[in-house]
Amino acid sequence: VVNRARLLSLAALIPLVLSGCEREAPDGEPERVVREFVERMQRVHGNPKSSRAAYDLLWSDAKQNLAERAKRASALSGRKVAPEEMLVPSRFSLRFTPRRYSAKVDGDWALVTVTGEAADTQRQEMKCVREDGSWRVVLEVPPVPPIQQRDDAGS
């Protein structure tokens, strides 16, 4: 009876021990979400799963903008274009290998400084915002211009 009780108590502890070994959430801290975003963007290059993984770390405004761009691209191309396909890795890549990430947090906003080996010349700042309890990368995408119709369209 003692051995069975001991086994049951050990079995109950296993999930607790394993949860302590899990990787920290990439969106739990601004530095982590930027690091994860940079790493995911480096893997995009035509890989839909990698594109989606990077897209998932963006703030809601960027997601809405990319969704509208994808909707328009779908209408033009005749095939369904996903919002994450609108991410262009070369447009958002760093020109150096990141070595250090540091953040200045002000409420639900943060400014993350990414520095390379030569910290004085290899430096990039990225904004983050906390949305629904998770940090997201503020990727500022130019606004989508309104669709213009000619007066004689459809005549």
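The values are calculated or read from the model by the stated rules, or taken from the named source; none is laboratory data. Being a predicted model, the structure only gives us computed values, none of them experimental. Note that we place each Cβ from the backbone using ideal geometry, even for glycine, and neighbour counts take in every protein chain shown. When the accessible area is computed, the model is the full protein with side chains, heavy atoms only, and any ligands, DNA or RNA have been set aside. Shrake-Rupley method; radii C 1.70, N 1.55, O 1.52, S 1.80 Å.
For trypsin sites (Lys or Arg not before Pro), the sites in the stretch 80-132 that DSSP calls loop and that have at most 10 other Cβ atoms within 10 Å are K80, R95.
Of the residues F96, F37, the one with the largest accessible area comes first in the ranking F96, F37, computed with a 1.4 Å probe on protein heavy atoms.
With the convex hull drawn around the C-alpha atoms of the stretch 15-155, the volume per residue stands at 173 Å³.
Basic side chains Lys and Arg get +1 at the Cβ, acidic Asp and Glu get -1 at the Cβ, and with that the dipole of the stretch 51-141 about its Cα centre reaches some 360 debye. Measuring against 24 Å, Cα to Cα, the residue pairs K49/K80; K49/K71; K49/K104 contain K49/K104 as the ones spanning a longer distance.
Sorting D120, D108, D132 by accessible area puts them as D132, D120, D108; the probe is 1.4 Å, largest comes first, and only protein heavy atoms count. Here the stretch 106-152 is treated with +1 on each Lys and Arg Cβ and -1 on each Asp and Glu Cβ, and its dipole about the Cα centre works out to around 80 debye.
Restricting the GluC sites (Glu not before Pro) of the stretch 28-136 to loop positions (DSSP other than H, G, I, E, B) with no more than 16 neighbouring Cβ atoms within 10 Å leaves E117.
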